[in-house]
Ligand SMILES: Cc1cc2nc3c(=O)[nH]c(=O)nc-3n(C[C@H](O)[C@H](O)[C@H](O)COP(=O)(O)OP(=O)(O)OC[C@H]3O[C@@H](n4cnc5c(N)ncnc54)[C@H](O)[C@@H]3O)c2cc1C
């Protein structure tokens, strides 16, 4: 078989598998632009893993698929086209590569299988009330007592903490040295005594972020990644991987398709011609940007695969996709906002107004504001880019 | 070290074209009279003919170099990085593509005896076997001998010296030469009666080469903007220290990178859709980079001398070549 035929066969294989095995109730949530949680992600991950496709981006020896960039790209694309959820990132794309690069053999054996199978759910405990963009100012303290650390402090904006088993956490182990040199990366089970998770209510009406309070939480030293006080290095490595999340633009293309259908459906009347034309034009502009970002993403994945330095790629990708996806959300809001925004919440019930058709577009618009805030805000990314461009 | 853009198609062709364009810009810089510049451009165009650029896509059997799209694109990128004021896409890309299969004419083109301008945007009609109407702002080599004309679905070759054909010459905002063609019952040679598809394909090639040139110009423009901000002192410090300006430059850079991705995809797979998306995005990203470069140069950004403004005007002009963003958006919407 020549290469194109091979890739076409691969595409067909992924599609057949996705349609046959991804449960319809999960695909329905994706198709309706719902917010995904462990309830949708975990079973899907279990199914992928059972098929040997649990970790497309990991090396083979750790249970990865060993696929090249093109296959990974096709995989992402087909899953998105079939309304399957993109894989949950915290274990697979964030912590996994850190464990593989810096973890001990014992840690890899203990944590990687649960990530692969979808049994263990991870969240990220970086940000704090006083440490957002300036992450190095974090204060959550870890004091060594024998073979344990005792951790006290507060994390904020912790996505999915309310449905997670463990939190990879940056803590301060030395307050005397330069800020970046006193930070350690710990893996903390969320059922440890002294942990309290509380919901943060967000403008989108979904529950996804939390505050996590830690009060004298005892964490075995065996749960420390790498060396004490070197956590900043590992944490940054992880953040670069996080920003590469933008390399998978396939879900954004699917989001664009749905928005296009919405615009056609919502603005079908003759009185809507001007608005429809404008929104269709804006959708094309967004598509052009996504296509450009897709190329940048391929180059970035190639660089990671070849072990080359990523340079500005993570920031370029983040800046090339975050606003664009927001703009698509805004187009949808413009299409339905007049009809739907005025009926956001029922007064005599809780939660957003599920009875109002297309309410998710308003929720998504609100949710998508976070795209330019989390994982290093756009302003912070521009600082990074400018520093490199100006040579200081 | 401050930013230095990396070409998409590095190599000898890129380097040679860039050196040619640098020398060209240096010679043109002190010339302010349009007539003096047009005369200088004619000299430079003759030098390009010697180098064989118009024959780059012409098969070897017709005296050309038998080159590929990527060979020509590398020249366009090198030339574009200094905003060469000569009609590379039109005369070295679109013209030979329109003449594909017309071996005698291709040989004339490669030899420099046939020097056509290319007017594909309409405005000319056919009545009783003769052509009438006007085609405005047609990009042209400095001493055009002919015009390639799309008239409805057909393609004609018109001798500019023929009775009933008149033209006036202009300079575009990017310093390139154009002519307004005025035809009143001029006779011309019919090259193909059903040329719609090949005309569209040639236009797409032109659009792609415009994008390549513009991407190259944007890279240089961003570099020059950074250099300027590093050197210009206000409030007792370099402008490069102000975050508002640094962020603006970061936005220019990301817009440029994003467009580069689209253009690379279109070079790899030069189908009309890829080209239309690249051209559409050029309209947005190119305009943004050009406007912001002018803005952050302050008053200097308003001056004609500045190399950066020459690049900015080239990028602004590229938008209007081979269909602006709305033309390409309309195509994409019609196909959806
Ligand atoms: C929905 C959501 C999910 C999140 N999930 C997680 C998670 O799972 N785990 C986790 O650890 N964190 C998470 N975060 C936190 C996120 O990483 C932070 O919000 C982010 O780092 C910004 O920090 P901040 O909110 O404190 O804003 P600030 O740092 O207070 O910034 C406020 C504004 O100032 C701008 N700004 C800040 N510094 C500069 C500067 N130097 N120059 C110019 N402008 C600047 C910012 O861009 C922003 O616009 C999440 C956030 C959100 C909204």
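A short reminder: the numbers here are calculations on the coordinates, not readings from a lab. Quick caveat: nothing in here was measured; it's all calculated off a predicted structure. Cβ: placed from backbone, ideal geometry, glycine included. Neighbour counts: every protein chain shown.
Observations on the structure shown:
- Number of partner chain Cβ atoms within 10 Å, mean per residue of A:275-282: 2
- Here the label points at residue A:237 and residue A:3, each 7 Å from Cα along the C-beta direction, are separated by 3.1 nm in the simple model.
- Normalised alpha carbon radius of gyration of the stretch B:197-335 [divisor 2.2 N^0.38 Å]: 1.14
- The protein assembly as shown - Debye-derived log10 I(q)/I(0), Cα point model, q = 0.06, 0.07 Å⁻¹: -0.44, -0.59
- Residues in the stretch A:336-373 that a label on residue A:203 would reach, taking backbone N under 17 Å of a point 7 Å out along Cα→Cβ: A:337-338, A:341-345, A:352, A:360-373
- Where both bridge residues fall in chain A, DSSP classifies roughly 80% of the beta bridges as antiparallel.
- Fewest-first sequence of A:340, B:263 by Cβ atoms within 10 Å of each Cβ: A:340, B:263
- Label reach from residue A:106 (point 7 Å along Cα→C-beta): in the stretch A:142-165, amide nitrogens under 20 Å belong to A:143-151.
- Per-residue average of Cβ from other chains inside 10 Å of B:258-269: 5
- Fluctuation leader among A:325, A:362, A:200 - chain A, Gaussian network, Cα springs under 10 angstrom: A:200
- Mean Cβ count within 10 Å, highest first, over the residues of peptides B:19-30, A:311-322: A:311-322, B:19-30
- Working ranking of peptides A:120-133, B:126-139, B:321-334, B:84-97 by packing, defined as the average number of other Cβ atoms within 10 Å per residue, highest first, is B:84-97, A:120-133, B:321-334, B:126-139.
- Entry note: chain A has Rg to Rh equal to 0.97, where both radii use alpha-carbon atoms and Rh is the Kirkwood radius.
- Average other protein chain Cβ within 10 Å of Cβ, residues A:293-299: 5
- Beta bridges per DSSP with both ends in the protein assembly as shown, % antiparallel, nearest 5: 85
- Modelled spin-label separation between residue B:324 and residue A:144, with each label point placed 7 Å from Cα along the Cα-to-Cβ direction: 6.8 nm.
- Computed helical MRE - 222 nm, chain A, DSSP H runs ≥ 4 contributing -39500 (n - 2.57), nearest 500: -15500 deg cm²/dmol
- Rg(Cα) / (2.2 N^0.38 Å) computed for the stretch A:3-87, rounded to two decimals: 1.07
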